[in-house]
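S.K.: A single structure is presented below for examination.
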Amino acid sequence: MRIILIGPPGSGKGTQAKRIVDKLNIPHISSGDMLREAVSNETPLGKEVKSYMTKGALVPDNLVIKMMVERIGQPDARSGFLLDGFPRTLTQSEALDKALLTTNVRIDYVLLIKVPDEEIIERNTGRRIDLKTGQIYHLKFDPPPAEIASRVIQRDDDLEETVKYRLEKYHADTEPLIPYYEKQDLVRKVSGVGSLEEVKERLFKILVVS
Ligand code: AMP
């Protein structure tokens, strides 16, 4: 199955993506993870994109498209994949469609996780990461244990101003993808409000898995 997962930053997209790919045994292709890895490995791409990412701005389309089309072309993605964080602009969607056309495959579902803006802001700004284990906590919903509280950090792009900026970008750049994919009758919407388990159930129901 070929799936695109869309949702505002902090909608639980990454967590749900993991559950879906584990269930369907397809690769989880996250543009954000790939770009962060490029930055931390200081690759030429990483050096080029670092400043955009720190600001929470979108990386230029041509760079992301090249990276993702290459990734989708790898053997493990031949029989299916879940795209997380890509496409994020109409230009990226069109480039993806073009790339898929050359291999004669189609997207099966565009899953949209909907969460109100106020909740997105609260979720993102409270998020903390344990530098040692990579574990993600939330100051209010899932506070880190006392012994590690001193070593958790806030991701630069989780700062309040940055979150608001990313949300604006989501509304402006990514939401236009919804009518684009609605025209192809691919969009399935679920509410992202509720427990992770509840949201997972909503998504699994659409994909007809349990
Ligand atoms: P994410 O983890 O998906 O929130 O992505 C983190 C950051 O990576 C974003 O704020 C952007 O700077 C960059 N990024 C990830 N995916 C894309 C994309 N499809 N297009 C442009 N920039 C992206």
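S.K.: Relative to the longest principal axis of the C-alpha atoms of the chain, give the angle of the C-alpha long axis of helix 160-169, reported between 0 and 90° and rounded to the nearest 10°.
M.R.: Approximately 10 degrees, to the nearest ten.
S.K.: Please give the calculated 222 nm ellipticity per residue for the chain, where each DSSP H segment of at least 4 residues contributes -39500 (n - 2.57) and the sum is spread over every residue; nearest 500 deg cm²/dmol?
M.R.: -14000 deg cm²/dmol
S.K.: Could you look at the chain and say what percent of its accessible area is carbon and sulfur, using a 1.4 Å probe and all protein chains? Kindly include the intermediate steps, with their values, before the conclusion.
M.R.: On the way: 5860 of 11200 Å².
That fraction is 52 percent.
S.K.: To make sure I understand the rule: partners must be lysines, Cα under 20 Å from the Cα of Lys50, and not fewer than 8 residues away in the same chain. Which ones qualify?
M.R.: Partners found: Lys66, Lys164, Lys169.
S.K.: Under 24 Å Cα-Cα from Lys205, which lysines qualify once same-chain neighbours fewer than 8 residues away are excluded?
M.R.: Qualifying lysines at Cα under 24 Å: Lys13, Lys18, Lys23, Lys114, Lys183, Lys189.
S.K.: Something else about it: How far, in degrees from 0 to 90, does helix 13-24 lean away from the longest principal axis of the Cα atoms of the chain, to the nearest 10?
M.R.: That helix lies at roughly 50 degrees to the long axis.
S.K.: Give me the dipole magnitude in Debye, nearest 20, for segment 125-210 about the Cα centre, with unit charges on the beta carbon: positive for Lys and Arg, negative for Asp and Glu.
M.R.: Numbers: 15 positive and 16 negative charges, 36 e Å.
Here segment 125-210 has a charge dipole of around 180 debye.
S.K.: About the Cα centre, and with charges only on the beta carbon of Lys, Arg (+1) and Asp, Glu (-1), how big is the dipole of the chain? Nearest 20 debye, please.
M.R.: That gives the chain a dipole magnitude of about 400 debye.
S.K.: Positive end of the dipole of segment 1-79, charges at C-beta (+1 Lys, Arg; -1 Asp, Glu), about the Cα centre: which of Val69, Ile6, Pro27 has its Cα farthest in that direction?
M.R.: With unit charges placed on the Cβ atoms, the residue in question is Ile6.
S.K.: Can you tell me the accessible area per residue over the chain, all protein chains present, probe 1.4 angstrom, in square angstrom?
M.R.: 53 Å²
S.K.: Could you give the distance between the Cα centres of segment 166-196 and segment 65-100, to the whole Å?
M.R.: The distance from the Cα centre of segment 166-196 to that of segment 65-100 comes to 17 Å.
S.K.: For the chain, modelled as a GNM with alpha-carbon contacts under 10 angstrom, which of Thr103, Thr162, Thr133 fluctuates the most?
M.R.: Thr133
The values are calculated or read from the model by the stated rules, or taken from the named source; none is laboratory data. None of the values given here were measured: they were computed from a predicted structure. Positions of Cβ are generated from backbone atoms using ideal geometry, with glycine treated the same way; all protein chains shown enter the neighbour counts. Just the protein is used for accessible areas: all its heavy atoms, side chains included, with ligands, DNA and RNA removed. Shrake-Rupley method; radii C 1.70, N 1.55, O 1.52, S 1.80 Å.
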